[in-house]
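One structure is given below, encoded as structure tokens.
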Amino acid sequence: MYGGNVSWRDPRIAFIIEILGHFDKIICVLTGRAKIPPYAIRIRSNGIVNEFGGQKFITTGKLFRLLICRHVVVSSETKLLDIGCSCGRLAYALYDDLGVGGYTGFDIDNKSLEWASENRYFADRGFEFHKADVYSDIYNPNSQVQASDYTFPMSDSRFDVVVMYSVATHLLEEELRRYLQEIYRMLKPEGRVIFSVFFKTTNDSGTFLDNTVQLGKSFVYSLDSPRKAVAFEEITVRELLDATGFDNVSVEIGTWRSGGINGFDQDFVVARKPYRQGGLPSDRACSENQQEP
């Protein structure tokens, strides 16, 4: 899963993906999921496994929404930045919570962004999708900009919450450091960052982390393609957050390892950009009366 080639790029199965896409569309229409992206677009970031029919797309988005709502205030006034937005999975999940212009997404995959940007469902709510021109051997091989040097074209103190799902799991230490610095800059005081990671622990037996190789303070699955899957010790992530200026750090362990409880195949970190002269605002949950798209 983490060390091999990306399955949807294999030309030997392109015809199969096309055929599955036709049947997937029929199922999505019959099950009330007609607005979600086509199968061939969804699998670019969500993977082929269990994606047929769209249930995984919907369920993962809902899980991420619930996790966010446990930690931050989300309302029609909230401004949220989704780094690694792909084709808009979280945008669908938060559609009924955010107001007009409340969602901004960045990604490196042109095809996913093109579909999301042209989607009338998102356009009607003023949701924005932008290209992050960062080098990726899979999605953006022609870029000359490394993640460790990237600056997001967004103003300071613009967002209430910034999220990254399955982004830090593909960044090495200095790249993650840079992203956290940029996130801190873009967050409003009292804003939160929520992002997924793989935590390297002494209890990794039976997981892919059992075979990782240390590269600086990063633990990579493959030296030939180090960004395929990257893990960090929890203390390293906490040190990076502290050095950037974040506080109130908490972690949630994913169900991919024994003892995890959050329902995800990755661990999560939540941190706050402090407002130095004030306390914490009182949090409240998102609306529970959300409908599937």
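Which whole-number percent gives the relative contact order of the chain, counting Cα pairs below 8 Å spaced six or more residues apart?
Answer for the chain is 17 percent.
Using a Gaussian network model on the chain with a 10 Å cutoff between Cα atoms, which of Asn211, Asn110, Asn119 fluctuates the most?
Answer for the Gaussian network model of the chain: Asn211.
Quick check on the exposure proxy: order Leu171, Leu66 from fewest to most C-beta atoms within 10 angstrom.
On the way: Leu171 23, Leu66 15.
In order of increasing Cβ crowding within 10 Å: Leu66, Leu171.
Considering only the chain, what is the antiparallel percent among its DSSP beta bridges, to the nearest 5?
Values: 16 of 34 bridges.
Percent antiparallel among DSSP bridges in the chain is about 45.
Full-extension gain between Ala34 and Leu66, please, as 0.36 nm times their residue separation minus the C-alpha to C-alpha distance.
Details: separation 32, 0.36 × 32 = 11.52 nm, distance 2.27 nm.
Extra length available between Ala34 and Leu66 comes to 9.2 nm.
If I compute Rg and Dmax of the Cα atoms in Å from the structure I just sent, which labelled value in (i) 18.5, 59; (ii) 18.9, 55; (iii) 21.9, 66 lines up?
(i)
So, R0 is 25 Å and r is the distance between the beta-carbons of Asp149 and Asn110; what FRET efficiency does that work out to, to 0.05? Don't skip to the end; give the middle numbers.
Values: r = 21 Å, r/R0 = 0.82.
Efficiency computed from Cβ-Cβ geometry: 0.75.
I need the phi-derived Karplus couplings for segment 182-187: 6.51 cos²θ - 1.76 cosθ + 1.60, θ = phi - 60°, integer Hz, Gly and Pro marked x.
5, 4, 4, 4, 7, 6
Please state the equivalent ellipsoid semi-axes for segment 59-193: what are the square roots of 5 times the Cα gyration tensor eigenvalues, largest first, in whole Å?
Working: eigenvalues 100, 65, 36 Å².
Value: 22, 18, 13 Å, ordered largest first.
Looking at segment 1-107, which GluC sites (Glu not before Pro) are in a loop (DSSP not H, G, I, E or B) and have at most 13 other Cβ atoms within 10 Å? Intermediate values should be presented prior to the final figure.
Working: sites: Glu18, Glu51, Glu77; in loops: Glu51, Glu77.
Here the sparse-neighbourhood loop sites are Glu77.
Among Ser143, Ser45, Ser76, rank each residue by its count of other Cβ atoms within 10 Å, from fewest to most, as a rough exposure measure.
Working: Ser143 16, Ser45 21, Ser76 10.
With the sparsest Cβ surroundings first, the list reads Ser76, Ser143, Ser45.
Based on Cβ point charges of +1 for Lys and Arg and -1 for Asp and Glu, what charge dipole magnitude is obtained for segment 50-112 about its Cα centre, in debye rounded to the nearest 20? Before the final figure, lay out the partial values.
Working: 7 positive and 7 negative charges, 34 e Å.
For this selection, approximately 160 debye.
Using the 10 angstrom Cβ neighbour count as an exposure proxy, how do Asp267, Asp204 rank, fewest first?
Working: Asp267 26, Asp204 17.
Lowest count first: Asp204, Asp267.
Along segment 194-200, what does the Karplus equation 6.51 cos²θ - 1.76 cosθ + 1.60 (θ = phi - 60°) give for ³J(HN,Hα), rounded to whole Hz, x for Gly and Pro?
After applying 6.51 cos²θ - 1.76 cosθ + 1.60, I find 10, 8, 9, 8, 10, 8, 7 Hz.
Taking R0 as 41 Å, what's the FRET efficiency between His22 and Ser157 from their Cβ-Cβ distance, rounded to 0.05?
0.30
Once the Cβ-Cβ distance between Asp224 and Glu174 is put in as r, and R0 is 25 Å, what FRET efficiency do you end up with, to the nearest 0.05? All intermediate terms of the calculation are to be shown ahead of the outcome.
Working: r = 20 Å, r/R0 = 0.79.
Computed FRET efficiency for Asp224 and Glu174: 0.80.
Here, each number is a calculation from the coordinates, and none is a lab measurement. Here the structure is a predicted model, which means the values were calculated and not measured. Positions of Cβ are backbone-derived with ideal geometry, glycine not excepted, and every protein chain shown enters the neighbour counts.
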